[in-house]
Amino acid sequence: MGTREKLLNAVTYVGLSVLTIGVMAFILGFVVTDFNLLIPIGIGTSVGAVFIFLIGVFLVVTDEMLERTNRGTKVVPFKPKNGAPLQ
């Protein structure tokens, strides 16, 4: 469980940092300066931060589900009777 917590914490901090940078770029381009190129950069950075967080959470949940499921069913080889055709 420790590695999952570390991964989730890392994804949270990275996502929050990138989201903060994106929101600051958006506000800087929209309100403070007349440099309109910062608005789409801020929006894209914010959306990217959300995707980074969602992918990290998906990886943690997938790892958790794979650990808790059975590893499949046991396969027993089929031995046909002598002279019987294989199906």
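Would you be able to tell me the number of residues in segment 41-84 that are modelled with pLDDT of 75 or more and farther than 29 Å from LEU7 by Cα?
Total meeting the criteria: 0.
Specify which of the listed residues (PHE35, PHE30, PHE51) is part of a loop (DSSP other than H, G, I, E, B) and surrounded by fewer than 15 Cβ atoms within 10 Å (Cβ to Cβ).
Being part of a loop (DSSP other than H, G, I, E, B) and surrounded by fewer than 15 Cβ atoms within 10 Å (Cβ to Cβ) holds for just one of PHE35, PHE30, PHE51, which is PHE35.
Within segment 1-15, which residues are in contact (Cβ under 8 Å) with a residue 24 or more places away in the chain and loosely packed, with under 12 Cβ neighbours inside 10 Å?
ALA10 - this is the single residue of segment 1-15 that is in contact (Cβ under 8 Å) with a residue 24 or more places away in the chain and loosely packed, with under 12 Cβ neighbours inside 10 Å.
The values are calculated or read from the model by the stated rules, or taken from the named source; none is laboratory data. Keep in mind it's a predicted model, so treat the numbers as computed, not measured. Cβ atoms come from the backbone with ideal geometry, glycine included; neighbour counts cover every protein chain shown.
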